[in-house]
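Undergrad: The structure follows.
What follows is calculated from the coordinates using simple rules that are stated; it is not laboratory data. This structure is a prediction, so every number in the text was calculated from the model and none was measured. So basically every Cβ, Gly included, is an ideal-geometry build from the backbone, and we count neighbours across all protein chains shown.
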Amino acid sequence: MKKKTWQLTIVATALSVLAACNTATDTETGTDTTSRTDHTRVDTTNNILVKTDAEWVSEVLENNYAEIKMAQQAQEKATNAEVKSLAQTLEKDHKALVNEAKDLATRKNWTVATQETEDAREKMADMAKDDMKEYEREWLEMMEDKHEKSIRKFENANSDDADLKTWISNTLPKLRAHLDRINEAQKNRK
């Protein structure tokens with residue numbers, strides 16, 4: 001019995017030492033993180049999983065794929081000229097953002113999303129059933145919400161990758177410009 005307790009103590013100590021060797025303090029947030037074999041990090045201060053750069057870019061791509069499809073749908077369904085023009089701009093700009101993100105992911109050898117989420121597809125199907133005025137109102141509100149969330153996501157991004165940081169810095173002004181146009185279109189519809 002003593003021998004088994006002694007062995008368990010040694011194993012527990014060895015695991016603690018190994019975990020401590022794999023722990024670092026995030027200099028931006030001051031939190032302790034532990035790297036994992038799946039390349040994610042655990043914020044041991046707040047006990048949360050921190051996304052990898054590849055996961056972060058993958059989520060951004062899913063959102064951009066959805067915005068492209070929603071912009072295409074708006075161009076077909078909307079009758080308001082400003083909404084149609086905005087949808088054309090969003091489609092063009094978000095296609096460019098997707099290409100930039102995919103190029104970055106390819107250079108970094110990251111596996112990332114290749115389409116929008118099922119939730120986004122369901123939302124588009126639901127919106128397609130709306131009458132024209134309701135559709136335009138709901139589409140503008142959704143674009144406002146998606147761009148506000150994207151801006152926050154980009155502002156709060158936490159990466160050590162210099163290329164990703166540069167892409168984020170270059171993308172943020174475009175997202176803010178989109179939000180300004182969306183807000184202007186909403187004002188003009190009232």
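Undergrad: Name every residue in region 61-94 that is of a type in the set (G, A, S) and surrounded by fewer than 22 Cβ atoms within 10 Å (Cβ to Cβ), in order of residue number.
TA: Start the filter on region 61-94 by keeping residues that are of a type in the set (G, A, S), which leaves 66, 71, 74, 78, 81, 85, 87.
A66, A78, A81, S85 - these are the residues of region 61-94 that are of a type in the set (G, A, S) and surrounded by fewer than 22 Cβ atoms within 10 Å (Cβ to Cβ).
Undergrad: What is the residue count in region 134-170 for residues that are among the acidic types (D, E) and closer than 14 Å to L86 by Cα?
TA: Here the count works out to 3.
Undergrad: Determine which single condition D145 fails, assuming it passes every other condition in (1) in a helix (DSSP H, G or I); (2) closer than 22 Å to Q73 by Cβ; (3) more than 14 Å from the chain's Cα centre (by Cα); (4) not small (G, A, S).
TA: (3)
Undergrad: Further, regarding this structure: Could you list all residues from region 145-154 that are exposed (fewer than 13 other Cβ atoms within 10 Å of the Cβ) and over 17 Å from A101 (Cβ atoms)? Don't jump to the end; show me each part of the working.
TA: Quick first cut of region 145-154, residues exposed (fewer than 13 other Cβ atoms within 10 Å of the Cβ) only: 145, 149, 152.
Listed by number, the residues that qualify are D145, R152.
Matching residues to (1) free of Cβ contacts under 8 Å to residues at least 12 places away in the same chain; (2) exposed (fewer than 13 other Cβ atoms within 10 Å of the Cβ):
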| position | (1), (2) |
| --- | --- |
| L104 | no, no |
| A113 | no, no |
| M127 | no, no |
| M132 | no, yes |
| M143 | no, no |
| I168 | no, no |
| P173 | yes, yes |
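Undergrad: Give just the number: which of (1) within 13 Å of the chain's Cα centre (by Cα); (2) assigned to a helix (DSSP H, G or I); (3) of a type in the set (A, V, I, L, M) does V83 not satisfy?
TA: Unmet for V83, out of (1) within 13 Å of the chain's Cα centre (by Cα); (2) assigned to a helix (DSSP H, G or I); (3) of a type in the set (A, V, I, L, M): (1).
Undergrad: Need pairs with beta-carbon distance below 6 Å; first residue within 27 Å of T117 (Cα to Cα) and within region 69-82, second assigned to a helix (DSSP H, G or I) and basic (K, R); sequence gap 6+ or separate chains.
TA: Q75/K84; A78/K84
Undergrad: Looking at region 86-121, which of its residues are more than 20 Å from W139 (Cα to Cα), within 17 Å of the chain's Cα centre (by Cα), assigned to a loop (DSSP other than H, G, I, E, B) and not hydrophobic (A, V, I, L, M, F, W, C)?
TA: Within region 86-121, T111, T114 qualify.
Undergrad: Still on this structure: Which condition number does N109 fail, the rest of (1) under 16 Å from E55 (Cβ atoms); (2) in contact (Cβ under 8 Å) with a residue 24 or more places away in the chain being met?
TA: That leaves (2) as the condition not met.
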